[in-house]
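Input: one structure, supplied below.
Rule-based calculations on the coordinates, nothing more; no lab input. These figures come from a predicted structure and were not determined experimentally. For neighbour counting, all protein chains shown are included, and Cβ atoms are generated from backbone atoms with ideal geometry for every residue, glycine included.
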Amino acid sequence: MTAQVDPEVNGLQVRSEVAPAIELVHAARWYGNVVAVNDVSFSLGAGVTGLLGPNGAGKTTLLHMLAGFLAPSAGSVHILGRSPHRDPSVYRQIGLVPEREAVYPFLTGRDYVKFNARLQGLRDPDGAARAAIARVGLEDSMDRQIGTYSKGMRQRVKVAGSLVHDPQVLLLDEPFNGMDPRQRIAMMDLLGVLADEGRTILFSSHILEEVERVGTEILVVVAGRLAASGDFRAIRALMTDRPHNISIRSSDDRRLATTLMADPAVFAVELTPAGLCVQTAQLGAFRRLIAGASRAAGVRLLEVTPADESLESVFDYLVRR
């Protein structure tokens, strides 16, 4: 998936060279006078994409439209070229993990996943259930009742249920909720493997570290609208109205600071115990400048690190602007 910038459109639009597995075109959904999703367009191919936004931004509504639970009030929603609403043939290509608990506690993990396999009409539901449970690492607990599971284990068995029929598209609403750090890392690694196998995975999360750990592609929804989509590092580079902060360590920070302050690409330099903190609005120009500036000052560069190129920086900018 590649991101392209159109200055005339709100946000960055995703384009794909191949037919998208997920496509929304001017999609909207409202409940009476409340607009939950407003004129959202994007397309996704194989890979992992994080769906971000504040509480109430419309993330769950978007996922429910993609899963076929809700029809768009306007525009169109397509999974693998077809509308998912009331089309069971599309459901067989979708795996959904809802945020809400939707699992009977008296069922064992194996019962639950096997039941999903039977709903999908699989020829060997028991074998498919065992394979899906193994992928999420619950083999030792699959014959326990789900009511005895921890929150993280319940999340994992829900993921197994969504994988049992080998869907092409996975929609995961806060899939890491309740998992301990080890479980989160294992689940993130699993999503990476599933994406490498050619699946399209869209997952929502309120923990930015989770999204950054899984991949770089994001969709940011604010007040029902798509604020940005694409590689978050590319989005950060396009924020020309927000200064870039660069941390620098050198053999003589004071001398280098004097040289940098003379260049118009730099508008602030702070000398700190950890090194220099440099602000520039022209990141490309600064990257070309720094090597020459260090030579002119007669100092050696030890480290040059962007200080605010993280997903958190991008998200904060898009939500608060």
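Using a Förster distance of 22 angstrom, determine the FRET efficiency expected from the C-beta separation of Thr148 and Asp189, and round it to 0.05.
Working: r = 26 Å, r/R0 = 1.17.
The computed FRET efficiency comes out at 0.30.
Rank the residues Asp173, Asp189 as a footprinting-exposure proxy: fewest other Cβ atoms within 10 Å of their Cβ go first. Write down the numbers at each step before the final one.
Numbers: Asp173 22, Asp189 12.
Neighbour counts put them in this order, fewest first: Asp189, Asp173.
Hey, another quick one. Can you figure out the FRET efficiency of Cys277 with Arg300, using R₀ = 25 Å and their beta-carbon distance, to the nearest 0.05? All intermediate terms of the calculation are to be shown ahead of the outcome.
Numbers: r = 19 Å, r/R0 = 0.75.
Computed FRET efficiency for Cys277 and Arg300 comes out at 0.85.
What are the ³J(HN,Hα) couplings of the range 115-127, residue after residue, when phi is run through the Karplus curve with 6.51, -1.76, 1.60 and θ = phi - 60°? Round to Hz, x for glycine and proline.
Calculated HN-Hα couplings, in order: 4, 5, 5, 5, 4, 7, x, 6, 5, 10, x, 5, x Hz.
A follow-up question, please. Which value, in debye to the nearest 20, gives the size of the charge dipole of the chain about its Cα centre, when Lys and Arg are +1 and Asp and Glu are -1 at the Cβ? Before the final figure, lay out each step's value.
Working: 35 positive and 36 negative charges, 50 e Å.
With Lys and Arg at +1 and Asp and Glu at -1, about 240 debye.
Could you point to the residue in Ser43, Gly147, Gln120 farthest towards the positive end of the range 2-237's charge dipole, with +1 and -1 charges on the Cβ of Lys/Arg and Asp/Glu respectively?
Going by the Cα projections, it comes out as Gly147.
Can I ask one more? Kindly state, to the nearest 0.05, the FRET efficiency for Arg254 paired with Glu197, given R0 = 45 Å and r defined as their beta-carbon distance. Walk me through the numbers on the way to the answer.
Working: r = 53 Å, r/R0 = 1.18.
The computed FRET efficiency comes out at 0.25.
Can you tell me the alpha carbon radius of gyration of the range 244-307 divided by the globular rule-of-thumb value 2.2 N^0.38 Å? Could the numbers behind the result be given before it?
Values: Rg = 10.0 Å, N = 64, 2.2 N^0.38 = 10.7 Å.
Relative to the 2.2 N^0.38 Å estimate, the range 244-307 comes out at 0.94.
Also, I was wondering about something else. Dipole magnitude of the range 244-307 about its Cα centre, charges +1 at Lys/Arg Cβ and -1 at Asp/Glu Cβ only, in debye to the nearest 20? Intermediate results must be reported in sequence, preceding the final value.
Numbers: 7 positive and 5 negative charges, 40 e Å.
In debye, rounded to 20, the range 244-307 gives about 200.
Whole-Hz Karplus ³J(HN,Hα) for the range 24-30, in order, using 6.51 cos²θ - 1.76 cosθ + 1.60 and θ = phi - 60°, x for Gly and Pro?
10, 10, 6, 6, 9, 8, 10
For Lys114, which lysines qualify as cross-link partners when the Cα separation must be under 25 Å and same-chain residues fewer than eight apart are set aside?
Lys151, Lys158
Farthest toward the dipole's positive end in the chain, which of Ala74, Met179, Val157, given Cβ charges of +1 (Lys, Arg) and -1 (Asp, Glu) about the Cα centre?
Towards the positive end, the residue furthest out is Val157.
Neighbouring Cβ atoms within 10 Å as the yardstick, rank Ile248, Ile207 fewest first. Numbers along the way, then the final one.
Working: Ile248 23, Ile207 14.
Fewest-to-most ranking of Ile248, Ile207: Ile207, Ile248.
Which cross-chain or sequence-distant (5 or more) residues have an amide H under 5 Å from the amide H of Val222, H modelled 1.01 Å from N in plane?
Ala227
Tell me, what is the percent relative contact order of the chain, built from C-alpha pairs under 8 Å that lie six or more residues apart?
Details: 645 pairs, mean separation 59.9, N = 321.
Relative contact order of the chain: 19 percent.
Full extension from Val34 to Ile207: what is 0.36 nm times the residue separation minus their Cα-Cα distance, to one decimal in nm?
Contour length minus the Cα-Cα distance gives 59.6 nm.
Helix 283-297 against the longest principal axis of the chain: what's the angle in degrees, Cα atoms only, rounded to the nearest 10?
40 degrees
Here is a follow-up. May I ask for the angle, rounded to the nearest 10°, between helix 151-163 and the longest principal axis of the chain, with both axes built from Cα atoms and the value confined to 0 to 90°?
70 degrees
When the Karplus curve 6.51 cos²θ - 1.76 cosθ + 1.60 is applied with θ = phi - 60°, which whole-Hz ³J(HN,Hα) does each residue of the range 169-186 get, with x for Gly and Pro?
10, 10, 10, 10, 9, 6, x, 8, 4, x, 7, 7, x, 5, 5, 4, 4, 4
In addition: Once amide H atoms are built 1.01 Å from N in the peptide plane, which residues 5 or more positions from Ser204, or in another chain, come under 5 Å H to H?
Here the answer is Leu51, Leu172, Asp173, Glu174, since their amide H atoms fall under 5 Å of that of Ser204.
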